[in-house]
Amino acid sequence: MTTPQEEQLLPTTRRALLHRIAVAQAEGRAPSVVAAVVRGGQSVWTGARTSVEGHAPDGDVQYRIGSITKTFTAVLVLRLRDEGVIDLGDALEEHLPGTGVGEATIAELLAHAGGLAAETPGPWWERSPGALRPELADVLGERPLVHPVGRRFHYSNPGYALLGALVEELRGAPWEEVLRREVLEPLGLNRTDVRPTAPHAGGWAVHPWADVMMAEPAEDLGRMAPAGQLWSTANDLARFAAFLADGDERVLSADSLSEMRTPAAPAEAADVASGYAYGLGMELRHQDGRSLVGHTGSLPGFLACLVISVEDDVAAVVLANCTSGVPLLTVATDLVRIVAEAEPRIPAPWQPLREADPTVLELVGQWYWGTSAFALRLSADEFLSLEPLSGHGRRSRFRSNGDGTWTGLEGYYAGEFLKPVRRSDGAVSHLDLGSFVFTRQPYDPSASVPGGVDPDGWRGIGGL
């Protein structure tokens, strides 16, 4: 039986989605798999497969989501930044003194570039009680740093324990209480919590060489909770995915979420080759020509994945209750691809500007940086976009500063100023973009081209 939202997808698309998770559950030998697809900000499909005859989990059954928890913690930190309580460039020591690793900035911890170890010392923290690590010193151990701070990406679970402690210090309340008040309740994530509430799946390990299972322990992670404690459902994570794509002013703006989705950690060669990067609490991937953001998660007995294609306006959530065996990232990526290709996004109707500023219209059209041709366009959202006409080269959108100058938003020109330079009669002479001069003609002699323009001008080979 389908819900009204599910009717938005064609029957052939729904069957393809079900087929994909059925193959994943069967070939991955998972006790159960549950999935959801989001489009246009709402869940449009849910499906499940299980080894228990006659009883499949629905979108409200809880599973542990492991490191997807980190994205929730990152949202709390970005809220502190947006309120002016912290700056992402602040050293941790300024707000949480005495850790011994306070040289790392908040941004570096969010991006796993703080140089911290990947895991805690002592027993495997995911399979041992959090009571064994009651203090941050127990989480960090005697050798908390394994790399120079800020020099490279190195995934660190203890780094997110520190960020959770930062939230507690600045809010004066436990991490889980702050999370519930500031994120879960406003977004209506009523089935997401630090502890399971029925109905919830049990965690299982499946024997690699025999079709038998063993129950996995479900430990309270204590200080490590901000790195991986949460339990959630396919329905709740579908709502969370919609929020991560579009924002919600009650929790975090679309601009701040876009910042979270921007690469923030120094990339390693292997990561570049695999199309992997990390933002502020979000994993960024480029697979099969599609840009995906989100996070994966695992704890003994559970696997979880949330991926979003912002360009396609499609997200997928997949949850399984097994320690290994199901390639959830591949499955979630396939679910996005199935919907995006079978039912591609229909763009909104083109709309013209309500009003056009003549001084801005003067800027549009063809420009040259040296001999390279570019087009400057004005869109209905009142951004200027610079695009190389060859198809190759630097491009960016620019936002008006309200004083005749513009600030770059992306790529090489992010944060750089675009300033129209006018002659004495008020006409535009050239554009100054971070000291680069763009002219209406290649090396226009009437513009202030650095180094000047050869007075003999352009000539053929006979004039050399």
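The values are calculated or read from the model by the stated rules, or taken from the named source; none is laboratory data. Source: prediction; values computed, not measured. All Cβ positions, even for glycine, are placed from backbone atoms using ideal geometry, and neighbour counts span all protein chains on display.
Of the residues making up segment 429-451, those that are surrounded by 15 or more Cβ atoms within 10 Å (Cβ to Cβ) and either among the charged types (D, E, K, R) or within 18 Å of residue 401 (Cα to Cα) (or both) are 431, 432, 433, 440, 444.
Take the conditions (1) of a type in the set (Gly, Ala, Ser); (2) crowded, with 19+ Cβ neighbours inside 10 Å; (3) closer than 30 Å to residue 446 by Cβ; residue 315 misses just one of them, which is (3). Reported count of residues in segment 134-185, each being in contact with a helix residue (DSSP H, G or I) (Cβ under 6 Å, 6 or more places away or on another chain) and among the hydroxyl-bearing types (Ser, Thr, Tyr), is 1.
Among the conditions (1) at negative phi; (2) polar (S, T, N, Q); (3) modelled with pLDDT under 95, the only one that residue 385 does not satisfy is (3). Inclusion of residue 255 among residues that are assigned by TED's automatic domain parsing to the domain that holds residue 225, free of Cβ contacts under 8 Å to residues at least 40 places away in the same chain and either part of a helix (DSSP H, G or I) or acidic (Asp, Glu) (or both) is warranted. The strands (runs of 3 or more DSSP E) found entirely in segment 385-452 that carry 2 or more residues being β-branched (Val, Ile, Thr) are 436-439. From the list 397, 423, the lone residue that is more than 34 Å from the chain's Cα centre (by Cα) and among the basic types (Lys, Arg) is 423. Taking the criterion of being at pLDDT below 95 and either among the basic types (Lys, Arg) or part of a helix (DSSP H, G or I) (or both), the residues of segment 140-161 that qualify are 143, 151, 152.
Taking residue 34 as the residue in question, decide whether it is surrounded by 16 or more Cβ atoms within 10 Å (Cβ to Cβ), over 24 Å from the mean Cα position of the chain (by Cα) and among the β-branched types (Val, Ile, Thr).
Values: surrounded by 16 or more Cβ atoms within 10 Å (Cβ to Cβ): yes; over 24 Å from the mean Cα position of the chain (by Cα): no; among the β-branched types (Val, Ile, Thr): yes.
No, not satisfied.
Checked against (1) of a type outside the set (A, V, I, L, M); (2) surrounded by 24 or more Cβ atoms within 10 Å (Cβ to Cβ); (3) more than 14 Å from residue 320 (Cβ to Cβ), residue 79 meets all criteria but (2). Figure legend. Inter-residue proximity from segment 67-93: first residues in the same structural domain as residue 250 (by TED's automatic domain parsing), second residues part of a helix (DSSP H, G or I) and polar (S, T, N, Q), beta-carbon distance below 7 Å, spacing 6+ or different chains. Indicated pairs: 78/256; 82/256. Considering (1) within 25 Å of residue 29 (Cα to Cα); (2) crowded, with 22+ Cβ neighbours inside 10 Å, the lone condition that residue 227 does not fulfil carries the number (1). Restricting the first member to segment 164-178 and to residues that are among the acidic types (Asp, Glu), and the second to residues that are surrounded by fewer than 20 Cβ atoms within 10 Å (Cβ to Cβ) and modelled with pLDDT of 95 or more, the beta-carbon pairs closer than 7 Å and six or more apart or on different chains are 168/174; 169/95; 176/194.
In segment 125-164, what residues are aliphatic (A, V, I, L, M) and surrounded by 15 or more Cβ atoms within 10 Å (Cβ to Cβ)?
Scanning segment 125-164 gives 136, 139, 140, 145, 149, 161, 162, 163.
Does segment 327-354 hold any residues that are part of a loop (DSSP other than H, G, I, E, B) and closer than 24 Å to residue 242 by Cβ, and which are they? Full working, then the answer.
So the first thing to find is which residues in segment 327-354 are part of a loop (DSSP other than H, G, I, E, B), and the list is 327, 343-354.
Across segment 327-354, the qualifying residues are 343, 344, 345, 346, 347, 348, 349, 351.
Against the list (1) among the aromatic types (Phe, Trp, Tyr); (2) surrounded by 13 or more Cβ atoms within 10 Å (Cβ to Cβ); (3) farther than 26 Å from residue 261 by Cβ, the condition residue 458 fails is (2).
This table checks each residue for (1) among the acidic types (Asp, Glu); (2) in a loop (DSSP other than H, G, I, E, B).
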site: 12; (1), (2): no, no
site: 15; (1), (2): no, no
site: 19; (1), (2): no, no
site: 26; (1), (2): no, no
site: 30; (1), (2): no, yes
site: 45; (1), (2): no, no
site: 48; (1), (2): no, no
site: 53; (1), (2): yes, yes
